[in-house]
Amino acid sequence: MRTVSLLGSTGSIGTQAVDVLLGQPERFRVVALAAQSSTELLLSQAAQLRPDMVVIGEESLYRTVRQGVPAGTDVLVGTPGLVAAASAADVVLNAVVGFAGLPVTMAALEAGKRLALANKESLIAGAPVVQKARRTPGAEIVPVDSEHCAIHQCLATVDGPTTVARLLLTASGGPFRGWTAAQLATVTVDDALAHPTWRMGPKITIDSSTLMNKGLEVIEASRFFDLPGDRIHVLVHRTSVAHGFALFTDGNVIGQFAPPDMRLPIGYALAYPDRLADRPLLDPLEALGGERGAPMTSLVFQRPDLERFPCLRLAYEALARGGTVPAALSAANEIAVAAFVDNKLRFGEIPDCIESALAGVREEEPTLNAIRAADGAARLAAQRFVDARVTGAQSTT
Ligand code: MG
């Protein structure tokens, strides 16, 4: 029986992880759940999974959670609670959103645990400090993102990156693949939230429509698998059944295929190095389409268009500049996406906003303090860009 801390249990990854865990009561016991503020869902999960402890991010919600959990459950609050939960299990699924996830990653690794990682900031902003903690005996990161999970499987037989020539990550291309610049100028928030293949939260859905999600994944892959950005490539692949490939120095290519369902990478990360046996045997042709997809009859790949989707280019540039620049990229992107969802920026202005915020960033030695400072400065710079746009729009109407 493997114990699991599920941190960030009420988000998209968290709820799909609950699905996986509820299907495997003999294999996993959930010892901790954590959510930022969704008390109702958190309490219903606690009633189902009966963890030893429940963590609520927002302190003001402590009483609500305290009164709602089953008798005997410990209730903890905020970052100290997350850190306690992160060292209490064999496997820690970190699906916490944003910077709050970094202490979870650090605590899990420093306690020598398996970290099933879905929090992006841990490797994009926090990589230099995280890489050190990763060397703790027993500590191990298994990626939850589908593309990194794919590469993890492609590299399963390889000892280190020395024979890996290139990595390929696939991108669905989002809802706007093939759109012209004129069409892209008219994109609405609802258009951007309608993802063709994946079911995800709103921030990551917008990020996949700009290809920033893929850019952030390139940065993560570079950290995860210890390869420079110029050896990590992106191919647009509409149907999302191929997720990643490793090209080896002897010319061989290994790829991973699976239906577009996040429960697969979640189950892989929780069970690794075992494999779950929770899927029906499908017809071989239908296997790759899965429950929601069409049967796979052809595989099509294209190069991404960096001119129409400049966010991907910005991510490669940030990775090449290194230091605190990826942290600034991720922070500025958060502000830009929030402003777009708020109708304060047009779709095409998302990359402009990020680019203007990055122009002022200096490459610094990325200590934890420098990373936090770069994050804060980029948010301010991006917000100034948004405010200038809003003021400009008002004065012209
Ligand atoms: Mg992904």
Q: Heavy atoms only, probe 1.4 Å: what % of the accessible area of the chain goes to carbon and sulfur, would you let me know?
A: 53
Q: Would you grab the residues whose amide H sits under 5 Å from the one on His233? Only those 5+ places off in sequence or on another chain, please, with H modelled 1.01 Å from N.
A: Leu167, Leu168, Leu169
Q.
Starting from the 7 Å offset along Cα-to-Cβ, what nm value, one decimal, do you get for the label separation of Ala373 and Val158?
A. 3.7
Q) To the nearest 10 square angstrom, what accessible area does Asp190 show with a 1.4 Å probe? A) 120
Q: Quick one: which residues, 5 or more positions from Gln256 or on another chain, have an amide H under 5 Å from its amide H? H modelled 1.01 Å from N in the peptide plane, none for Pro or chain starts.
A: His243, Gly244
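Tell me, what is a quarter of the convex hull surface for the C-alpha atoms of the stretch 322-395, in nm² with one decimal? Walk me through the intermediate numbers first.
Values: hull surface 17.7 nm².
If you wrap the Cα atoms of the stretch 322-395 in a convex hull and average its projections, you get 4.4 nm².
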Q: Could you pull out every whole DSSP H run in the chain that spans at least 18 Å of Cα extent along its own axis and averages 1.0 or higher on the Kyte-Doolittle scale?
A: 325-341
Q) In straight Cα distance, which aspartates and glutamates are under 12 Å from Lys214, not counting same-chain residues fewer than 8 positions off? A) Asp145, Glu147
Q | lysines with Cα under 24 Å of Lys132, excluding same-chain neighbours fewer than 8 positions away | A | Lys113, Lys120
**Q.** Set of lysines near Lys344 by C-alpha distance (under 18 Å), chain-local residues within fewer than 8 positions excluded
**A.** Lys203
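Accessible area per residue of the chain at 1.4 Å probe, in Å²? Please report the intermediate quantities before stating the final value.
Details: 17480 Å² over 397 residues.
Averaged over the residues of the chain, the accessible area is 44 Å².
Taking every DSSP beta bridge that has both residues in the chain, what percent is antiparallel when rounded to the nearest 5?
Numbers: 11 of 42 bridges.
Roughly 25 percent of the beta bridges in the chain run antiparallel, per DSSP.
Highest first, please rank the peptides 335-341, 275-281 by the mean number of other Cβ atoms sitting within 10 Å of their residues. List each step's numbers first, then the result.
Working: 335-341: 22.1, 275-281: 11.0.
Descending packing order for the listed peptides: 335-341, 275-281.
The values are calculated or read from the model by the stated rules, or taken from the named source; none is laboratory data. For clarity, every value in this text was computed on a predicted model and none was experimentally measured. With ideal geometry, Cβ positions are generated from the backbone for all residues, glycine too; neighbour counts draw on all protein chains shown. Areas reflect the complete protein model, heavy atoms only, side chains present, ligands, DNA and RNA absent. Shrake-Rupley method; radii C 1.70, N 1.55, O 1.52, S 1.80 Å.
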